[in-house]
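Read the structure below first, then the notes.
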Amino acid sequence: MLDWFNQIQWEYLYDPELAVNSLPFLLEGLKVTMIIALFSMVFALILGLLLGIARMSKYWFIRWPARIYISFMRGTPLLVFIFILYYGIPVLGVEFKSAIVAGIVGISLNFAAYNAEVVRSAIMSVPRGQWEAAASLQMSYVQTLRRVIIPQATRIALPPTFNIFMDIVKGTSLASVITVQELLYSSRLVAGRTFDSMTMYITAALIYWVVCIIIGYFQEKLEKRYNRYLSKR
């Protein structure tokens, strides 16, 4: 066992000099990654909120389309859906202006289904008495959601929502298969030129990790803020 360990050529496992020299190029790819991730998260939040509310509707013609959409998106791989959008939809005469737009649309539509379930579970976690109290004040359904339910559900939805954002950041790597020059695609370009795949992929993984650590930091800050307000009640 020790002989196998000693025979590993560690100098070929990771080249710090190559990683540092390639960092500016990789950071350009990271910019594209974050642009895709931020736009996708915003659209996924908006659509997820609408889907989550529709999922709870008492009207079947609103509830069932939302359920089918959520089931389909959660039950199919994101990569397959991106392929359908980028390579399949043009058959119908619909083409995206760029691969980045296709990536944003695909990721947004897919993760909206996960956000919808987060919204639904968070709203259902709010005590039923809050609905009854709003009804006693003669608030409409929309007013009750906007002024009473959603503000309380937001605190409950924060942790899973940030987890989804982390998944979106990592999921942007799938956009590389449709030639979007994000972080992973940039790493592959350098790896192909230098023939050092291990160094570049490890570096890309470390960059993804740092980004997720930063996202986790803001998650903790927001959770503490909401919990502080909660404790003052």
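Remarks
- In Å², nearest 10: area of residue 64 left accessible to a 1.4 Å probe: 120 Å²
- Rounded accessible area of residue 68 (nearest 10 Å², 1.4 Å probe): 110 Å²
- With R₀ fixed at 45 Å, the C-beta to C-beta distance from residue 177 to residue 147 puts the FRET efficiency at about 0.55.
- Taking the convex hull of the alpha carbon positions in the chain and averaging its projected area over all directions gives 18.6 nm².
- Karplus-derived HN-Hα couplings along region 190-204 (A = 6.51, B = -1.76, C = 1.60, θ = phi - 60°), whole Hz, x at Gly and Pro: 5, 4, x, 7, 9, 6, 10, 5, 4, 4, 5, 6, 5, 4, 4
- Listed residue pairs exceeding 28 Å between alpha carbons, taken from 58/97; 97/221; 97/170: 58/97; 97/221
- With a simple spin-label model that places each label point 7 Å from the Cα along the Cα-to-Cβ direction, the separation between residue 20 and residue 193 comes to 1.9 nm.
- Theoretical ellipticity at 222 nm over the chain - DSSP helices of four or more residues, -39500 (n - 2.57) apiece, nearest 500: -25500 deg cm²/dmol
- Between residue 74 and residue 154, the FRET efficiency from the beta-carbon distance, with R0 = 25 Å, is close to 0.65.
- Protein heavy-atom accessible surface, 1.4 Å probe, per residue over region 24-142: 58 Å².
- Most to least accessible of 14, 201 (protein chains only, probe 1.4 Å): 201, 14
- Accessible carbon and sulfur surface of the chain relative to its total accessible area, %, 1.4 Å: 66 percent
- At an R0 of 41 angstrom, the distance between the Cβ atoms of residue 210 and residue 59 translates into a FRET efficiency of 0.35.
- Cα gyration tensor, region 147-233 - rounded (a/c under 1.5), prolate or oblate: prolate
The values are calculated or read from the model by the stated rules, or taken from the named source; none is laboratory data. This structure is a prediction, so every number in the text was calculated from the model and none was measured. FYI the Cβ positions are ideal-geometry reconstructions off the backbone, even for glycines, and counts take in every protein chain you see. To get the accessible areas, we keep the full protein, side chains included, count just its heavy atoms, and leave off ligands, DNA and RNA. Shrake-Rupley method; radii C 1.70, N 1.55, O 1.52, S 1.80 Å.
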